[in-house]
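The values are calculated or read from the model by the stated rules, or taken from the named source; none is laboratory data. Nothing here was measured: the structure is a model prediction, and the numbers come from that model. No Cβ is skipped: glycine too gets one built from the backbone with ideal geometry, and neighbour counts run over all protein chains shown.
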Amino acid sequence: MAQNIWVVAEQWRGQATDATFELLALGRELADGLGTSLETVLFGHGVGDLAGEFGASDTVLAADHPAFAVPTAEAFGAALASLVKERQPRCVLVPLTNVLWDALGILPAELDGPFINFCQDVRVSQGRIEADCLLYGGKMRATVVPTGDGAVFGLASGVRPPDQGRVDRTPTVEAVAPAVPTSLRVQFKDFHEPEAADVDITQQDVLVAVGRGIQTQDNVELAEELATALGGATCASRPVIDQGWLPLARQVGKSGATVKPKLYIAAGISGAPEHTEGMKDAELIIAINTDPEAPIFGVAHYGIVEDATDVLPALTESLAAMKE
Amino acid sequence: MKILVLLKMVPDVVEELEVGPDGTSLDLEFQRLIVSESDDHALEQALILKDRHGGTVTALALDQPDIDDVLFTALAKGVDRAVKVTETDTALTSRSTGTVIAQTLPAVPDLLPVDLIVTGCQAIDDLDGQVAPLVANALGLPYLGLVTGVAAEPDADRATITKEYAGGVRGVFEVPLPALLGLQVAEKPPRYVPVAKVRAAMKSAQIAAVPAAGEPVATRIDVLDMAKPESASHAEMLEGSPEEMAAKLGELLAARGLV
């Protein structure tokens, strides 16, 4: 049985993403730790040239098929599962991203082997592979081992610096042709771009972000007032966007924007991994939350355990007082 | 349109979570459970489709603490039928939940076939798999996750599905019905239903109980340890009244030239 480590490459509109290189860095560590090879699985359509970028791996298993252009469970996922069954890798590392979501999600249904989701890190320990996973919105960590070979790991963003996975070396490229169902039921039509935003939150020096803890639509105004006082803009985590209290273009996190402002004030945001991956690199993070165990305090530089609807206006007032 | 909604309970993370005596799982003894957030969106999307096109909506869930409240609330919101799958292990993993549901659905009287099955795209305890793709595969249905929109004509055999990508981009797909969708977010926030209507549903409606069919699958993972995450860093916590803390923050920002 082959015992190679696999990384499934994610590409978005013809480019290999950072998520791929982060996993290549991790995969290299695992392969070296176990004395085995690292292989990149590159499924796509017309993107075979990307294989040359995956020098961190020894081999690239490349498959070209029109149905791989936009990954689906039915084509990409099933084909990946069939290749796993055929080649039997020791483990498969897959970016837990929106692009590969369906293809990754179908793997535990297609394969009998272990599936470990929400991984923040994977390592070799005493000759076996173990993972740290963040569950329950980031409030619990579980250390997990697969009980068999062929484990699939779904990895959150940021496991390693992406540049660590960019290696200037030419990997061996092997063309593979996994089976794709002839009649595909899920048909991709097109992409809809987001509506032009009134404010580009990725270009702001100061962001005041609101989450579920802001409680009401009216209270968003408290964040607007503080943002204005600081010369910045407001943004939000998913629950606020889903309520329609701020436009989609203001969403920060996995499904929204990644921001790196000089100041990020997280008001009433618990700090689930899906949110923090979009803001953890801000220069200064101040978190306000009523829950002292909120994961946001693990990424913030300063924290306040208090109702954001009390602190935001108080801060706006204190800034006004300082200007007088 | 005949729609089935799958609901699942998860710990309410607004409350403090505690690790159980085994050191590898959550202590659920005093833990409040709530319906998984994206499942609630799936329910809303089903009701939106019913409002738009007519038809029926059935809500189905495994028997868990407080599930009756959740199902009566669904009935009060407009669900036509509620089904509770009994005789299951209360602490099933996501992988087993998906398998048990898929094996039980054919045994529910007068349920299948349906035009659409909707559920959440993920839950916060999905350590070993997600329910949506597991059920889809077991039933041989096409599957799409991260769904944010569903459009279908009343008697159509196809639906147009919108899916979420990063940065606000949406992908549009076409899929034949029946299909199974994992909802990320409904077209509108989940509707509010007054307590009085829920109480009325408790008096007038019934929850059908169906015993689970089949066996849970082996999870194939071992949890060695569960603990509250110790992050490499932790915020320096400010103390005092909101006004005092605001004043400290103001000084801090001024010192960094941010005001």
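Looking at A:T316, is it farther than 27 Å from B:V19 by Cβ and either of a type in the set (S, T, Y) or in contact with a His (Cβ under 6 Å, 6 or more places away or on another chain) (or both)? Explain how you work it out, then say what you get.
On the way: farther than 27 Å from B:V19 by Cβ: yes; either of a type in the set (S, T, Y) or in contact with a His (Cβ under 6 Å, 6 or more places away or on another chain) (or both): yes.
Yes: the conditions hold for A:T316.
Looking only at region A:135-150, filter to residues that are touching a residue at least 40 places away in the same chain (Cβ under 8 Å), facing another protein chain (nearest Cβ under 8 Å) and not in a helix (DSSP H, G or I); which one of those is farthest from the chain's Cα centre (by Cα)? Outline the logic, then answer.
Let us first name the residues in region A:135-150 that are touching a residue at least 40 places away in the same chain (Cβ under 8 Å), namely A:137-139, A:146, A:149-150.
Then keep just the ones that are facing another protein chain (nearest Cβ under 8 Å); that gives A:137-139, A:146.
So of that shortlist, the ones also not in a helix (DSSP H, G or I) come out as A:139, A:146.
Numbers: A:K139: 17, A:P146: 22 Å.
The selected residue is A:P146.
Looking at region B:192-220 only, could you name the residues that are within 12 Å of another protein chain (Cβ to nearest Cβ), within 23 Å of the chain's Cα centre (by Cα) and not hydroxyl-bearing (S, T, Y)?
Of region B:192-220, the ones within 12 Å of another protein chain (Cβ to nearest Cβ) are B:192, B:217-220.
Those left that are additionally within 23 Å of the chain's Cα centre (by Cα): B:192, B:217-219.
Result: B:V217, B:A218.
With respect to B:V100, is the statement that it is assigned to a loop (DSSP other than H, G, I, E, B), under 25 Å from B:L177 (Cβ atoms), more than 14 Å from the chain's Cα centre (by Cα) and of a type outside the set (S, T, N, Q) true? I'd like the intermediate steps shown before the answer.
Details: assigned to a loop (DSSP other than H, G, I, E, B): no; under 25 Å from B:L177 (Cβ atoms): yes; more than 14 Å from the chain's Cα centre (by Cα): yes; of a type outside the set (S, T, N, Q): yes.
In short, no.
Please go through region B:28-39 and pick out each residue that is touching a strand residue (DSSP E or B) at 6+ places or on another chain (Cβ under 6 Å) and under 17 Å from B:D126 (Cα atoms).
In the first step, residues of region B:28-39 are kept if they are touching a strand residue (DSSP E or B) at 6+ places or on another chain (Cβ under 6 Å); the result is B:31, B:33, B:35-36, B:38-39.
Within region B:28-39, B:L33, B:V35, B:S36, B:S38, B:D39 meet the criteria.
Within region A:267-315, can you find the residues that are β-branched (V, I, T) and in a helix (DSSP H, G or I)? Outline the logic, then answer.
Our first condition is that a residue be β-branched (V, I, T); within region A:267-315, this holds for A:269, A:276, A:285-286, A:288, A:290, A:296, A:299, A:304-305, A:309, A:311.
Residues satisfying the conditions are A:T276, A:I296, A:V299, A:T309, A:V311.
Name every residue in region B:223-232 that is free of Cβ contacts under 8 Å to residues at least 12 places away in the same chain and either facing another protein chain (nearest Cβ under 7 Å) or touching a His at 6+ places or on another chain (Cβ under 7 Å) (or both), in order of residue number. Spell out how you get there, then give the answer.
As a first pass, look at region B:223-232 and keep what is free of Cβ contacts under 8 Å to residues at least 12 places away in the same chain: B:229-232.
Selection gives B:P229, B:S231.
Determine whether A:S57 is within 12 Å of A:E110 (Cα to Cα) and either in contact with a strand residue (DSSP E or B) (Cβ under 6 Å, 6 or more places away or on another chain) or among the polar types (S, T, N, Q) (or both). Working first, answer last.
Working: within 12 Å of A:E110 (Cα to Cα): no; either in contact with a strand residue (DSSP E or B) (Cβ under 6 Å, 6 or more places away or on another chain) or among the polar types (S, T, N, Q) (or both): yes.
When the stated conditions are applied, A:S57 does not pass them.
How many residues does region B:105-149 hold that are in a loop (DSSP other than H, G, I, E, B), over 16 Å from the mean Cα position of the chain (by Cα) and within 12 Å of chain A (Cβ to nearest Cβ)? So that I can check it myself, show each step before the final result.
Narrowing region B:105-149 to residues in a loop (DSSP other than H, G, I, E, B): B:108-115, B:121-130, B:140-142.
Right, trim to over 16 Å from the mean Cα position of the chain (by Cα) and you get B:108-115, B:140-142.
Imposing the further condition that a residue be within 12 Å of chain A (Cβ to nearest Cβ) reduces the set to B:140-142.
Total satisfying the criteria: 3.
What single numbered condition from (1) more than 30 Å from A:V122 (Cβ to Cβ); (2) within 14 Å of chain B (Cβ to nearest Cβ); (3) surrounded by fewer than 17 Cβ atoms within 10 Å (Cβ to Cβ) fails to hold for A:T182?
Of (1) more than 30 Å from A:V122 (Cβ to Cβ); (2) within 14 Å of chain B (Cβ to nearest Cβ); (3) surrounded by fewer than 17 Cβ atoms within 10 Å (Cβ to Cβ), only one is false for A:T182: (2).
Filter region A:208-233 down to the residues that are closer than 23 Å to B:Y165 by Cα and hydrophobic (A, V, I, L, M, F, W, C) and list them by number.
A:A209, A:V210
Could you list, in sequence order, the residues of region A:115-129 that are within 19 Å of B:K228 (Cα to Cα) and either within 7 Å of chain B (Cβ to nearest Cβ) or in a loop (DSSP other than H, G, I, E, B) (or both)? Even if it seems obvious, please write down each step before you answer.
Step one: of region A:115-129, the residues within 19 Å of B:K228 (Cα to Cα) are A:116-122.
Result: A:I116, A:N117, A:F118.
Here are A:V311, A:V259: which of them is among the β-branched types (V, I, T) and at the interface with chain B (Cβ under 7 Å from one of its Cβ atoms)? Talk me through it step by step, then tell me what you get.
Working: A:V259 fails: at the interface with chain B (Cβ under 7 Å from one of its Cβ atoms).
Within the list A:V311, A:V259, the selection yields A:V311.
Kindly establish whether A:A320 is farther than 20 Å from A:V159 by Cβ, outside any loop (DSSP other than H, G, I, E, B), modelled with pLDDT under 95 and more than 8 Å from every other protein chain (Cβ to nearest Cβ). Break it down into steps so the answer makes sense when it comes.
Working: farther than 20 Å from A:V159 by Cβ: yes; outside any loop (DSSP other than H, G, I, E, B): yes; modelled with pLDDT under 95: yes; more than 8 Å from every other protein chain (Cβ to nearest Cβ): yes.
Yes, satisfied.
Considering region B:4-41 alone, what residues qualify as being more than 11 Å from chain A (Cβ to nearest Cβ), among the charged types (D, E, K, R) and under 19 Å from B:L60 (Cα atoms)?
Listed by number, the residues that qualify are B:K8, B:D39.
To keep it simple, each residue is scored yes or no on (1) outside any helix (DSSP H, G or I); (2) of a type outside the set (S, T, N, Q); (3) away from every other protein chain (no Cβ under 14 Å); (4) crowded, with 17+ Cβ neighbours inside 10 Å.
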{"position": "A:D32", "(1), (2), (3), (4)": "no, yes, yes, no"}
{"position": "A:G52", "(1), (2), (3), (4)": "no, yes, yes, no"}
{"position": "A:V60", "(1), (2), (3), (4)": "yes, yes, yes, yes"}
{"position": "A:A67", "(1), (2), (3), (4)": "no, yes, no, yes"}
{"position": "A:A75", "(1), (2), (3), (4)": "no, yes, no, yes"}
{"position": "A:A78", "(1), (2), (3), (4)": "no, yes, no, yes"}
